1. Restricting attention to region A:57-75, and to residues there that are free of Cβ contacts under 8 Å to residues at least 40 places away in the same chain and within 7 Å of chain B (Cβ to nearest Cβ), which single residue is nearest to the chain's Cα centre (by Cα)?
2. Out of region A:74-101, which residues are under 20 Å from A:Ser53 (Cα atoms) and of a type in the set (Phe, Trp, Tyr)?
3. Restricting to region B:61-83, give me the number of residues that are under 10 Å from the mean Cα position of the chain (by Cα) and not hydroxyl-bearing (Ser, Thr, Tyr).
4. Regarding region B:11-21, can at least one residue be identified that is more than 19 Å from A:Thr68 (Cα to Cα), in contact (Cβ under 8 Å) with a residue 40 or more places away in the chain and either assigned to a strand (DSSP E or B) or away from chain A (no Cβ under 11 Å) (or both)?
5. Being at pLDDT below 95 and out of contact with any Phe, Trp or Tyr (no Cβ under 7 Å at 6 or more places or on another chain) narrows it down to one residue among A:Asp149, A:Asp45; which is it?
6. Kindly establish whether B:Leu101 is outside any helix (DSSP H, G or I), of a type in the set (A, V, I, L, M, F, W, C) and at pLDDT 90 or above.
7. Of the residues in region A:25-47, how many are in contact with a helix residue (DSSP H, G or I) (Cβ under 6 Å, 6 or more places away or on another chain) and touching a residue at least 24 places away in the same chain (Cβ under 8 Å)?
Amino acid sequence: MAEVTDLLVADAVRLGCTAADRFDAVRQAGEALVRIGAVEPAYADAMQEREQSLSSFVGEGFAIPHGTDAARALVRRGALAFLQFPEGVDWDGQDVRACVAIAASADEHVSVMSTLAQVLLDPDQAEELRTTTDPERVLELLAPAPEQDDETQQPQETL
Amino acid sequence: MPSIEGKDIKSVVVACEAGMGSSVLLTTQLAKQLKPHGVAVTHSPVNRLNDDTADVVLCHQGLVSRARQAAPNSVVIPFQMFMGDPAFAKVTAAITNGGTLDG
């Protein structure tokens, strides 16, 4: 699981969070990325900007807040943070229970996102990721599947 | 408005605001379905699109006008939901069973 430990570390997994609204949740997600040294503080502002232009809700009670294309320059190293909101956050009319916050300078996070897509398509796994009280389980559920190199793509732009 | 036959589609790009989040999530799912049909699926920030980027552009409803402006000759298909939107089935069906996509 070397891959996931690089991108998503236990320090960036925060369970039992509460947020007043989605912008508060995005602020906390940004703080989590700043705290682990993945991004410059201004990246958190870009996350707010991105959220204002378009909701980062993706379905199954999940949102994936991240910065803007221009804010890639504020990423020190690609990383993810995971925040769970057991009481739910009103996300522009949707009920969000967990956020996967993204800091990416290129496509270093594609394999984890692929795993997340699989989890979201599996109602049982999605439920477990929304509700587990074990941070270790979060890391396991989001660990990129081994040997699926048919998923590695040729990204057309990686800068 | 441009259109394309399913059999002529060789590349699909999923565009979003930053090219970092939702487009990546969708790209990984679509690539699995379309790769066996010889279609390359990539992702891109909407601002970096151009006519050479791909035959078909998939993007969120809110970004359609920007996508059409950036890639006026590509077929632009909007979606609203990141999971299970009928737009994805439409594109996949045109590629696997044939048919025309307009956009």
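1. The extreme case among them is A:His66.
2. Correct list: A:Trp91 only.
3. 5
4. yes
5. Numbers: A:Asp45 fails: at pLDDT below 95.
Of the residues listed, the single one that is at pLDDT below 95 and out of contact with any Phe, Trp or Tyr (no Cβ under 7 Å at 6 or more places or on another chain) is A:Asp149.
6. Numbers: outside any helix (DSSP H, G or I): yes; of a type in the set (A, V, I, L, M, F, W, C): yes; at pLDDT 90 or above: yes.
So B:Leu101 passes the test.
7. The initial filter retains those residues of region A:25-47 that are in contact with a helix residue (DSSP H, G or I) (Cβ under 6 Å, 6 or more places away or on another chain), namely A:26, A:30, A:32, A:34, A:36, A:39-44, A:46-47.
Next, only the ones that are touching a residue at least 24 places away in the same chain (Cβ under 8 Å) stay: A:26, A:30, A:32, A:36, A:39-40, A:42-43, A:46-47.
Number of matching residues: 10.
Residues checked against (1) more than 23 Å from A:Arg35 (Cβ to Cβ); (2) modelled with pLDDT under 95; (3) of a type outside the set (S, T, N, Q):
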{"site": "A:Gly61", "(1), (2), (3)": "yes, no, yes"}
{"site": "A:Ala73", "(1), (2), (3)": "no, no, yes"}
{"site": "A:Glu87", "(1), (2), (3)": "no, no, yes"}
{"site": "A:Ala101", "(1), (2), (3)": "no, no, yes"}
{"site": "A:Ala106", "(1), (2), (3)": "no, yes, yes"}
{"site": "A:His109", "(1), (2), (3)": "no, yes, yes"}
{"site": "A:Ser114", "(1), (2), (3)": "yes, yes, no"}
{"site": "A:Leu121", "(1), (2), (3)": "yes, yes, yes"}
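The values are calculated or read from the model by the stated rules, or taken from the named source; none is laboratory data. Everything numeric here is computed off the predicted structure, so don't read it as measured data. All Cβ positions, glycine included, derive from the backbone under ideal geometry; neighbour counts span all protein chains shown.
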